[in-house]
Each structure stands twice: as C-alpha cells, then as structure tokens.
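Derivation of every value follows stated rules applied to the coordinates shown; laboratory data play no part. Only a predicted model underlies this, so the values are computations on that prediction, with no experimental measurement involved.
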Amino acid sequence: MKSKLVITALLAASLIGCQANPVSGRKQLVLVSEEQAQASSAQAYTQTLSEAQKKGKLSTDAALNSRVKRITDRLIVQAGNMYAPSRDWKWSVAVIDEPTLNAWCMPGGKMAIYTGIISKLNLSDDEIAQIMGHEIAHALLGHGRERMSRAMAMQGGMQLGSILAGRDLTVLSPVADIAISLPHSRAGETEADRYGIELAARAGYDPRAAVRLWEKMAAASSNGVPQFLSTHPAPDNRIQVLNALVPEMTAIYEKARR
Ligand SMILES: [Zn+2]
C-alpha cells in the first residue's frame with residue numbers, strides 16, 4: 001500500500017512514466033533517471049570496493065585482474081556499438097576475492113566478478129565473457145534502474161522530497177545497493193541472455209560458451225542456489241533458447257574473429 005502511494009506521488013510529480021527502452025524497445029516503469037541511477041551506483045560501488053579493500057577482499061592476483069580486464073575491455077567496446085551513450089560511461093571492473101558465485105554490472109558500467117564463480121565453475125575466457133556480457137546487457141537495457149525503482153517502492157516512506165528534487169543522491173545510494181540484491185524479472189533475464197550472447201559474439205567470444213556456462217551454473221545449484229541465480233532467476237527454457245541462438249551468433253563470432 002505504501003509503495004503504491006510512493007508511485008502515485010512520483011507519477012503526480014511526473015518524474016516517471018512508461019518509457020520504451022532504446023535498446024530493447026520494451027516499455028519500462030522507472031522511478032529514477034539514468035543520471036540518478038548512475039550517480040548513486042557510483043557511490044554504492046565506491047563503498048562496496050572500499051569495504052572489500054578493508055577486509056582484504058579485493059583480489060591482488062595481477063594475472064587474474066588483467067585477464068578479467070582484457071575480457072571486459074573487449075565487451076565495453078561492443079557495448080558502445082550496441083548503445084552509443086555507454087561510450088561515455090565511466091566503466092570499471094573489480095575482482096572480489098570471495099567464494100560467492102556472483103557477478104554484476106551496475107547502471108553506468110560499474111562491474112564486479114567474484115573469484116568464487118571463476119574458480120568453482122572453472123570458467124574459461126569465453127565463459128567469463130558470457131557472464132559479463134549478460135551483466136553488461138542488463139545495464140545497457142536499463143534493468144538496474146528497474147530494480148532500483150522496485151527497491152525504492154519497497155522502501156516506502158523514503159525521503160521522497162529529496163529524491164523528487166533530484167538533489168540528495170545519498171538517499172539513493174542504499175537503494176542502488178539493495179537493487180543489486182533483488183532478482184531481475186524473467187523478461188529481463190531473457191533480454192539479457194539475448195543481448196549478452198550477441199555482445200560476447202561481437203567481441204569475439206564463442207557463443208557455445210553461453211550454453212556451457214548455464215549448464216555449469218545449473219550443476220552448481222545442486223549444492224544450494226548460487227548467489228547469481230537468486231538475482232538472475234533462470235527462465236525454464238534458458239539453455240534451449242541460448243542453444244537456438246548459437247547458429248546466428250556463431251556467424252557474428254566468426255566475423256569478429258577474422
Ligand atoms: Zn541476469
């Protein structure tokens with residue numbers, strides 16, 4: 001009920017509406033502007049990294065850090081071709097030294113991957129590219145803003161005035177933080193799968209690795225649900241849908257490798 005009031009208040013202030021996403025064309029209900037989403041995500045990211053640093057959980061493995069950076073750099077170039085405004089994003093990637101099976105990309109291109117997912121799933125470069133491609137696709141498609149909007153609605157009586165005024169971003173920083181722990185919608189997952197595999201193919205990464213990645217993820221869930229799957233609910237037919245995309249994506253992949 002409270003969240004309904006919040007949405008009504010925001011609608012009245014005509015801050016929000018149904019906007020068609022420029023990449024997917026899907027209509028999305030958004031309570032925060034892209035600028036607000038990016039600024040608050042940048043704050044949440046800085047905070048996450050400084051906490052990890054304090055606990056000694058930012059990976060100091062130089063080889064692993066440069067391996068991840070090499071892969072994400074190639075994906076970032078293709079993100080710019082898919083969605084031109086992302087060329088101005090201040091992209092950044094961190095490797096967090098925790099056994100968690102997780103990875104994420106916040107609005108504005110602030111990314112992290114956890115050592116747990118790389119080592120426990122024994123990920124190849126192609127598979128890392130698929131998971132980060134999927135994450136980057138969520139960011140390009142505005143899914144972070146959707147999650148932040150839900151987090152805001154959940155917070156109910158948050159200091160609406162300051163948000164409406166667009167001034168106080170500090171109230172949004174915890175929202176950005178909560179947002180990355182909320183599950184994406186299944187529609188969002190299907191979109192991120194579709195655009196993520198294409199992003200990776202354009203960057204020269206093997207589309208068949210997407211199928212392998214999700215098979216590994218499914219196998220890992222026999223020992224409890226990986227963090228990643230709690231925020232990325234698997235559409236039942238995910239592996240079949242990705243498999244069906246492989247021929248088309250292989251053509252893009254082979255062209256990129258030439
Ligand atoms: Zn996802």
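Across the range 226-237, in residue order, what do the Karplus-derived ³J(HN,Hα) couplings come to in whole Hz, using 6.51 cos²θ - 1.76 cosθ + 1.60 with θ = phi - 60° and x for Gly and Pro?
Whole-Hz 3J(HN,Hα) from phi for the range 226-237: x, 3, 4, 6, 6, 9, 10, x, 6, x, 3, 9.
For the range 15-127, what does the convex hull of the Cα positions come to per residue, in cubic angstrom?
On the way: hull volume 13.7 nm³, N = 113.
It comes to 121 Å³ per residue, whole-number rounded.
Classify the range 194-258: rounded, prolate or oblate, from the alpha-carbon gyration tensor (a ≥ b ≥ c, eigenvalue square roots; a/c under 1.5 rounded; otherwise prolate if a/b is larger than b/c)?
Values: a/c = 2.58, a/b = 2.28, b/c = 1.13.
Since a/c reaches 1.5 and a/b is larger than b/c, the shape of the range 194-258 is classed as prolate.
So which of Lys57/Lys216; Lys55/Lys120; Lys27/Lys55; Lys55/Lys255 end up more than 32 Å apart, counting from Cα to Cα? If you can, show how the numbers build up before the last one.
Details: Lys57/Lys216 25 Å; Lys55/Lys120 21 Å; Lys27/Lys55 41 Å; Lys55/Lys255 44 Å.
Exceeds cut-off: Lys27/Lys55; Lys55/Lys255.
Counting only DSSP beta bridges with both residues in the range 61-142, what percent are antiparallel, rounded to the nearest 5?
Values: 4 of 9 bridges.
The antiparallel proportion sits near 45 percent.
By a straight-distance test (C-alpha under 19 Å), which aspartates and glutamates pair with Lys90 as possible cross-link partners, with residues fewer than eight away in the same chain excluded?
Cross-link targets: Glu34, Glu35, Asp73, Glu135, Asp177.
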